[in-house]
Amino acid sequence: MISAWALLGHGAMAQSFLEDSASAILNGEGEGKSFINQYSKKYKSVTDEDLAHIKNKNLLTGNKYTVQFVRHPEDAYGIVTLRLESPLTIQGCGSSHIPYVELNQKGRTIEIEMGKPELLPGAEMRYPHYECEITNGTPRIDVPISRNDLIASRVNRLKLKAGTAFDAYDVVLGDNNIMLTPLTTNSFIPAERENALNHVFYPVNMVLLRVPGGAEDKALPEKMDLLAKRHKLIPVEKPIPNAKPYQFYALDKDYNVMLPLQKDGMTKLDTITVEDIFYGANGPYTISRKADVFVTLPGEFD
């Protein structure tokens with residue numbers, strides 16, 4: 001028979017063992033064959049010391065950038081904006097930016113030099129439940145260029161530089177456009193499939209008419225011309241480079257459409273009948289339907 005004193009003695013030993021085990025777990029110790037302490041410091045993939053070391057280190061490498069024209073609503077007529085962008089999309093607690101850009105002219109050549117894009121990790125970027133501002137985006141910088149300055153200086157060459165990376169573009173100025181044709185594409189690569197970049201300077205009263213899902217209708221251009229004239233808009237007859245098949249350009253001579261757009265951005269203008277093409281056992285056939293026509297101001301990539 002086991003005495004009460006013996007039970008009390010074993011109880012005290014058990015309590016001491018539990019206290020020692022809890023202390024070992026909290027201190028990252030006490031691991032054995034049948035127990036793995038997942039909170040042990042040696043299992044942390046990134047320690048606080050590691051984060052302090054890399055906090056101000058640039059995590060981006062490589063020397064590849066995309067080049068394209070963009071439009072800003074606040075740009076005055078004759079101002080063209082050239083966007084230089086790293087092709088990497090960033091998501092997380094870090095911050096990304098291009099530290100500086102400089103524009104200089106040497107003879108008939110414009111030189112644009114920018115700092116290499118930087119991705120700086122935040123102090124708490126290991127796990128998504130840490131408190132931080134989650135950001136999305138790519139390191140980019142927009143460089144405004146004056147068409148009048150290019151004409152006055154007879155500029156015919158553009159050089160782009162970032163660290164040891166550089167490329168050259170041929171510059172051709174037209175009556176209402178500017179075209180950049182790459183001479184080398186080692187680092188700064190055109191975003192357009194056609195390789196050359198073409199920016200058209202739109203009149204200040206240019207609007208866009210869009211018919212989502214109506215591109216299959218072969219008669220859509222004629223229908224849109226009639227609709228534009230019915231709303232006292234002047235269709236643009238000259239082809240617009242890189243225009244989408246469901247998008248049409250017109251001039252709002254009396255600003256009847258543009259003034260409301262300054263507040264709404266995009267609005268429904270009218271409806272038209274379009275013919276959708278389907279393919280059956282006996283070949284293609286069409287079905288008519290009503291489609292909405294929206295009017296908007298030129299966007300960033302229009």
Notebook entry, point to check: Among residues other than residue 156 whose Cβ falls under 11 Å from its Cβ, what is the net charge (Lys/Arg +1, Asp/Glu -1)?
Noted result: +2
Item checked: Simple spin-label estimate for residue 153 and residue 66 in nanometres, 7 Å along Cα-Cβ -> 2.7
Margin query: Suppose the chain between residue 75 and residue 97 were pulled fully straight at 0.36 nm per residue; how much longer would it get relative to their current alpha carbon spacing?
Written below: 5.7 nm
Notebook entry, point to check: Once both labels are modelled 7 Å past Cα along the beta-carbon direction, what's the residue 204-residue 177 spacing in nm?
Noted result: 2.4
Notebook entry, point to check: Pulled fully out, how much extra length does the chain show between residue 189 and residue 244, if you take 0.36 nm times their separation in residues and subtract their Cα-Cα distance?
Noted result: 17.6 nm
Check: Based on the Cβ-Cβ distance from residue 229 to residue 166, what FRET efficiency comes out when R0 is 35 Å, to the nearest 0.05?
Finding: 0.10
Notebook entry, point to check: Once fully extended, how much extra length lies between residue 104 and residue 277, figured as 0.36 nm per residue of separation less the alpha-carbon to alpha-carbon distance?
Noted result: 56.9 nm
Item checked: region 142-183 residues near the modelled residue 113 label - backbone nitrogen below 16 Å, point 7 Å along Cα→Cβ -> 158-168
Next item on the list: Could you work out how far apart the two model spin labels at residue 268 and residue 138 are, taking each label as a point 7 Å from the Cα in the direction of the beta carbon, and quote it in nm?
Entry: 3.5
Next item on the list: Could you list which residues have their amide H under 5 Å from that of residue 236, counting only those 5 or more apart in sequence or on another chain, with H placed in the peptide plane?
Entry: 249, 250, 251
Note to self: At a 10 angstrom cut-off on C-beta neighbours, averaged per residue, how do the peptides 103-109, 65-71 rank from highest to lowest?
What the structure shows: 65-71, 103-109
Next item on the list: Name the long-range amide H neighbours of residue 138: under 5 Å, sequence gap of 5 or more, or other chain; modelled H, no Pro or chain starts.
Entry: 90
Checklist line | Ranked list, fewest to most other Cβ atoms within 10 Å of each Cβ, for 118, 113, 194 | finding: 194, 113, 118
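Computed from the coordinates by the stated procedures, all read-outs in this text should not be read as laboratory data. Computed from a prediction, not measured in an experiment: that's the story for all the values here. Backbone-built Cβ (ideal geometry, glycine too); neighbour counts: all protein chains shown.
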